[in-house]
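The values are calculated or read from the model by the stated rules, or taken from the named source; none is laboratory data. None of the values given here were measured: they were computed from a predicted structure. Ideal geometry is used to build each Cβ from the backbone, glycine not excepted, and the neighbour counts take in all protein chains shown. With ligands, DNA and RNA removed, areas are computed over all heavy atoms of the protein, side chains included. Shrake-Rupley method; radii C 1.70, N 1.55, O 1.52, S 1.80 Å.
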Amino acid sequence: MGGIGLPFPEDATLVLCGFLISHNTVKAVPAILTVYTGLLIADGLLYLFGRKYGRKIVTHKRFHRILTPERFSVIETQFIKRGPLIIIFGRHFMGLRAQLFITAGVMRMSALKFIALDALTSLLTMTIMIGAGISAATASRQ
């Protein structure tokens, strides 16, 4: 749910993870593995949701908050041209990533390709966000 901002964005979870690691509240390796696994599962669920419901998801009024038909049309056009690059770069933009992952499912991107791209690029997101949490904790102690 963090991928769509509920109860709070996944980036906040990653920053908190770094903060807790810095304060020795949690051990680094288990904490990082846990948030990484959770992140990939959440992203995979968004992808599967798009794959299962296809274009119906775009026309259903309940999902307009996440992905409007207009937004889907723009993403779809870009996805056709640059699918893998859209996943690699789009993952780093909070608010856009859920839309992209749903679109990847709707567009029937290979599940293996999606997970591989997401797993690779999310390492950068995690490094930046967990590092920010560690830096914030270090700064607050000084």
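Within the range 92-133, which residues have the backbone N less than 17 Å from the label spot 7 Å out from residue 139 along Cα→beta-carbon, could you tell me?
128-133
At 0.36 nm per residue, and after removing the present C-alpha to C-alpha distance, how many nm does the segment from residue 110 to residue 37 gain when stretched out fully?
Contour length minus the Cα-Cα distance gives 24.3 nm.
Give the aspartates and glutamates reachable from residue 61 as a straight Cα distance under 20 Å; neighbours fewer than 8 places away on the same chain don't count.
Residue 61 reaches 70, 76.
In terms of Cα to Cα distance under 22 Å, which lysines are near enough to residue 81, apart from those fewer than 8 places away along the same chain?
Residue 81 reaches 113.
Quickly rank 107-117, 83-93, 22-32 as a protection proxy: mean count of other C-beta atoms within 10 Å, highest first.
Answer by packing, highest mean first, reads 83-93, 107-117, 22-32.
Rounded to the nearest 500 deg cm²/dmol, what is the calculated helix-only ellipticity per residue at 222 nm for the chain, with -39500 (n - 2.57) per DSSP H run of length n ≥ 4?
-25000 deg cm²/dmol
So between residue 23 and residue 92, what do we pick up on full extension, going 0.36 nm a residue minus the alpha carbon distance?
22.2 nm
Ignoring ligands, DNA and RNA, what percent of the accessible area of the chain is carbon or sulfur (1.4 Å)?
The nonpolar share, carbon plus sulfur, comes to 69 percent.
Taking only C-alpha pairs under 8 Å that are 6+ residues apart, what is the relative contact order of the chain in percent?
39 percent.
Can you divide the C-alpha Rg of the range 55-123 by 2.2 N^0.38 Å and report the result to two decimal places?
Output field value: 1.04.
Could you state, as a whole-number percent, how many of the C-alpha pairs of the chain are farther apart than 22 Å?
Distances greater than 22 Å cover 40 percent of the Cα pairs.
Report the net charge of residues surrounding residue 126, where surrounding means a beta-carbon distance below 11 angstrom and charges are Lys +1, Arg +1, Asp -1, Glu -1.
Here the charged neighbours net out to -1.
At 1.4 Å probe size, with every protein chain present, just tell me what the per residue accessible area of the chain comes to in Å².
Using a 1.4 Å probe on heavy atoms only, each residue of the chain averages 57 Å².
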